[in-house]
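Note sheet for the following structure.
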Amino acid sequence: SCTLIIIAAIDAPFQSYNHNKQLKMTMQEIKDEYKNSEGDPQIKARIRQTQRQMSQNRMMQDVPDADVIVTNPTHYSVALKYDTERAGAPIVLAKGIDEMAMQIRKVAIGNEVPILESPMLTRALYHTAEVGEQIPDQLFTAVAQVLAYVFQLKRFNKGRGKRPTKLNNKLPIPDAYKY
């Protein structure tokens, strides 16, 4: 009976250790569990890419409706529309950097949307305004000057007005909006 107690005293901690070790998950089991609970990361990445592409396609469809495209001139482009019935301030229809900015410009050229270079305004709009939203109040004066110039230019091109004076490159952009 004494030997049974000694064997049990040695075997009990070993059995406890062995049981706990078997309960632990391997690295592969952890990965599989994560995929099952969170979804496959590759599938999630593909879904995000598709959503991003659909959003960009929607955005590009709105570019022909823009009143003006402001650029910086190479890396940033922002498409603006002023529709008094829809909103009190101009709306950002599309924005992009690098390749997307080039696409916006191509669509604008193909649809005869005026393109103006205004680096500081373009960067300010890109970093502070969201697509489908109104421009920030602090940039309203600068954007109003751009739109006034564009509307005068359109009237002139239709033979219904005088040639507008060249747009001032020193648009009023608050320091907090200079990027």
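What follows draws every value from the coordinates through simple rules; no lab data is involved. Source: prediction; values computed, not measured. A quick note on method: Cβ atoms are made from the backbone with ideal geometry, for glycine too, and the neighbour counts reach across all protein chains shown.
Projecting the Cα atoms of Thr128, Asn72, Gly159 onto the charge dipole of the chain, computed from C-beta unit charges around the Cα centre, puts Gly159 farthest toward the positive end. Using a simple spin-label model with pseudo-atoms 7 Å out from Cα toward Cβ, Gln49 and Asn168 lie 4.8 nm apart. Counting other Cβ atoms within 10 Å of each Cβ, which trypsin sites (Lys or Arg not before Pro) in region 1-66 have at most 13 and sit in a DSSP loop? Loop-located and lightly packed - Lys24. Rg over Rh for region 126-179 works out to 1.07, both radii taken from alpha-carbon positions and Rh defined as the Kirkwood radius. Residues whose amide H comes within less than 5 Å of that of Lys95, counting only those at least five positions distant or on another chain, are Ala79 (H built at 1.01 Å from N in the peptide plane). Taking 7 Å steps out from each Cα toward its Cβ at Thr3 and Asp137 produces label points 9.2 nm apart.
Hey, in the GNM for the chain with a 10 angstrom Cα cutoff, which one of Ile47, Ile97, Ile30 fluctuates hardest? It is Ile30. Around the Cα centre of region 61-177, unit charges on the Cβ atoms of Lys, Arg, Asp and Glu (plus for the first two, minus for the last two) sum to a dipole of about 760 debye. Our coupling estimate for region 88-93, obtained by passing each phi through the Karplus curve with A = 6.51, B = -1.76, C = 1.60 and θ = phi - 60°, is x, 10, x, 10, 7, 8 Hz, Gly and Pro reported as x.
When Rg and Dmax are taken over the Cα atoms of region 22-126, they come to 20.7, 70 Å. Between amide H atoms placed 1.01 Å from N, distances below 5 Å from Val68 occur with Leu80, all of them 5 or more places distant or on a separate chain. What the phi angles of region 75-86 give under the Karplus curve with 6.51, -1.76 and 1.60, with θ = phi - 60°, is a coupling list of 9, 10, 9, 9, 9, 10, 9, 10, 10, 5, 6, 8 Hz, glycine and proline written as x. The rule of thumb for compact globular proteins, 2.2 N^0.38 Å, goes into the C-alpha radius of gyration of region 64-143 0.97 times.
The helix-based estimate of mean residue ellipticity at 222 nm for the chain, built from -39,500 (n - 2.57) per DSSP H run of four or more residues and divided by its residue count, is -18000 deg cm²/dmol to the nearest 500. Computed on the Cα trace of the chain, the radius of gyration divided by the Kirkwood hydrodynamic radius gives Rg/Rh = 1.49.
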